[in-house]
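Worksheet: the structure to be examined is printed underneath.
All of the numbers you see were taken from the coordinates with simple rules; none came from a lab. Bear in mind the structure is a predicted one, so any value in this text is a computation, not a measurement. Reconstructed Cβ throughout: ideal geometry from the backbone, glycine too, with neighbour counts over all protein chains shown.
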Ligand code: MN
């Protein structure tokens, strides 16, 4: 049925790493996501693969000859697929590698996880049509979607320097904001701090400047996917975004999850892709039989909030919303192809954000801007707290997983970030 499937996806496969066989693990042997870690924050950087609650040192196991993820990402899909097959075979029950490789495992709880790769450039798309519609309605009730939305995979160039890995903390940013009753703007801490639930595509092989990536080859340039929280200061955004788009409202912090789930690992969860009937069909350069047959990827997404009051009371986090990447208006292949159609060159490690992934129902929104209807409708939390936007001490946790009958569930781990109080106003 699905030509992308191979022996590494076999749901019957089990690992000699016992925790990889537990029902709830995000990292069974069918997943094998890549990350960069060290023993202690200052230790040498290593490339590892998550297996159950352990990480396997790929260089020690003689599977790679580099500690630099970007070098690995630049390799051809055929080489990467062969590497995945070798890792899968070595970690499978009954493997002759067990005695040797057991010495190359470390508990994930004992290592420091870093950004998985160097991210040279970061682009954020806007593929969440339900997000675009809801946010558009706040500004333009009669015409929420601008006329280009169903033709162009909209995006903007973001900033890579402030991207951090799960566990990132940041001070509530200062910015120019102007309230509706104020004559002039004031520099002050944002009071409409928000998260955005997104997936990120990390680019593998690059393309030469001037040479577009055709849609038929696009996925061979996608190394894998991570969770992405595109933290946003809505009051700063409202004042600054015209005419050139997002700037300081977005570039103070962005957080990604540490484990790159490869496109190959996502193969069992592929789905047909189509625009709704009556919508424009994609222009030919954004269309292909493969993109129609299996351009979609079923990734179930969740946002959780853990407030200071919850932690003080010994309570766990509360889930705010759920959605699915299947509701995106453009596919991974379409984002890559559109980005390069003018000859723009992508490089290994570049990050392409999906845009906020909200579902069709109001409660499936991937940001507080939507869930609180622009701050007008406070969310009531189970412990009695309320939220319109984020408060100091709030931790936001994104999670994702893929499930399909007849296949092993895989997960992305978590993407966690926490808001610290603002520094003193200048
Ligand atoms: Mn975004």
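Below are the figures for this structure:
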| item | result |
| --- | --- |
| Relative contact order of the chain, defined on C-alpha pairs under 8 angstrom at six or more residues apart (%) | 21 percent |
| Highest-MSF residue in the chain out of 228, 187, 80 [GNM, Cα springs under 10 Å] | 187 |
| Most fluctuating residue given options 225, 335, 310, as computed from a GNM of the chain linking Cα atoms under 10 Å | 310 |
| Cα→Cβ-extended label distance, 7 Å offset, between residue 183 and residue 150, nm | 4.7 nm |
| Estimated D of the range 2-113 in µm² per second, where Rh is the Kirkwood radius over Cα pairs and Stokes-Einstein applies at 20 °C, 1.002 mPa s | 149 µm²/s |
| Ellipticity estimate at 222 nm from DSSP helix runs (n ≥ 4, -39,500 (n - 2.57)) divided over the chain, nearest 500 | -4000 deg cm²/dmol |
| Pairs of alpha carbons in the range 184-272 whose separation is greater than 19 Å (percent) | 58 percent |
| Euclidean distance between Cα centres, the range 241-298 to the range 93-111, Å | 35 Å |
| Neighbour-count order for 288, 405, 321, fewest beta carbons within 10 angstrom listed first | 405, 288, 321 |
| Bridge type composition, the chain - antiparallel percent by DSSP, nearest 5 | 85 percent |
| Cα gyration tensor category, rounded, prolate or oblate, for the range 157-202 with a/c compared to 1.5 | prolate |
| Cα-based helix-to-principal-axis angle, 77-91 vs the chain, degrees rounded to 10 | 70 degrees |
| For the chain, built as a Gaussian network whose Cα springs stay under 10 Å, the top-fluctuating residue of 395, 74, 208 | 208 |
| Two-decimal ratio, the chain, of alpha-carbon radius of gyration to 2.2 N^0.38 Å | 0.98 |
